[in-house]
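Working notes for the structure below.
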Amino acid sequence: MGDLLAKLGINPPVLIAQLVNFLILLGLLYLLAYKRIGQKLDERSSRIKESMEQAEQMKEQTARTEERIKVQLNTARQEAQKVLTQACQMGERLKEEARVEARKEAESILSRAQEETKIERDQAMSELRKEVVDIAILAAEKVIKESLDQPGHRRLVQEVIEESGGLKKG
């Protein structure tokens with residue numbers, strides 16, 4: 001076997017020395033570096049796992065927050081619709097109140113105008129009576145050719161008008 005190894009270019013004492021060196025190096029690496037590297041890899045794996053858990057929690061929290069926002073938006077829309085409906089109802093009520101107020105104002109103006117017209121008519125009737133009395137006095141003076149005093153004639157004609165029912169107020 002020594003010949004076969006020699007033909008392959010392998011020197012057995014050097015091979016054993018290299019094998020011993022390799023085992024020593026492997027032992028040193030295991031003692032010095034492997035534990036530290038394993039620790040670092042475990043720490044990194046742990047940090048990655050924590051980051052993944054945090055990312056999942058953030059994702060769940062974001063989903064919950066979005067759901068709350070949707071609920072709040074729906075609530076806000078409903079409240080806005082209620083406010084809009086109330087504003088429309090209030091506007092209609094104010095319009096109706098304005099119509100009623102305008103109708104009352106128009107009726108008041110019409111009533112005042114009728115009252116003023118009645119007063120003016122009564123004044124015109126009163127003036128007309130006075131003129132009729134004056135004309136009747138003149139006519140009576142001419143008819144009887146007798147001169148009565150003005151207040152006496154007025155009283156006499158007034159009595160005649162009242163008894164006959166002519167030119168009544170109203």
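The values are calculated or read from the model by the stated rules, or taken from the named source; none is laboratory data. Everything numeric here is computed off the predicted structure, so don't read it as measured data. Methodologically, a virtual Cβ is constructed for each residue, glycine included, from the backbone with ideal geometry; neighbour enumeration extends over all protein chains shown. Only protein heavy atoms, including side chains, enter the accessible area calculation; ligands, DNA and RNA are left aside. Shrake-Rupley method; radii C 1.70, N 1.55, O 1.52, S 1.80 Å.
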Overall form of the chain per C-alpha gyration tensor (a/c, 1.5; a/b vs b/c):
prolate
Distance (nanometres) between label positions extended 7 Å along Cα→Cβ at A106 and Q54:
7.6
Return the aspartates and glutamates within reach of K130: Cα separation strictly under 19 angstrom, same-chain partners fewer than 8 residues apart disregarded; answer none if there are no such residues.
E120, D122, E141, D149, E159, E162, E163
I'd like the FRET efficiency for R154 and K118, computed as 1/(1 + (r/R0)^6) with the beta carbon distance as r and R0 of 30 Å, rounded to 0.05.
0.75
Positive dipole terminus of the chain, leading residue within L19, G91, Q39 (C-beta point charges)
L19
Per the helix-only model, the chain has a calculated mean residue ellipticity at 222 nm (DSSP H runs of ≥4, -39500 (n - 2.57) each, divided over all residues, rounded to the nearest 500) of -32500 deg cm²/dmol
Percent carbon-and-sulfur accessible area, the chain, ignoring ligands, DNA and RNA, probe 1.4 Å
59
Under the 7 Å Cα-to-Cβ spin-label approximation, E79 and V14 lie apart by a distance in nanometres of 8.9
Using a probe radius of 1.4 Å on heavy atoms only, what accessible surface per residue do you get for the chain? Whole Å² is fine.
90
Per residue, the convex hull enclosing the Cα atoms of segment 1-95 spans a volume in Å³ of 151
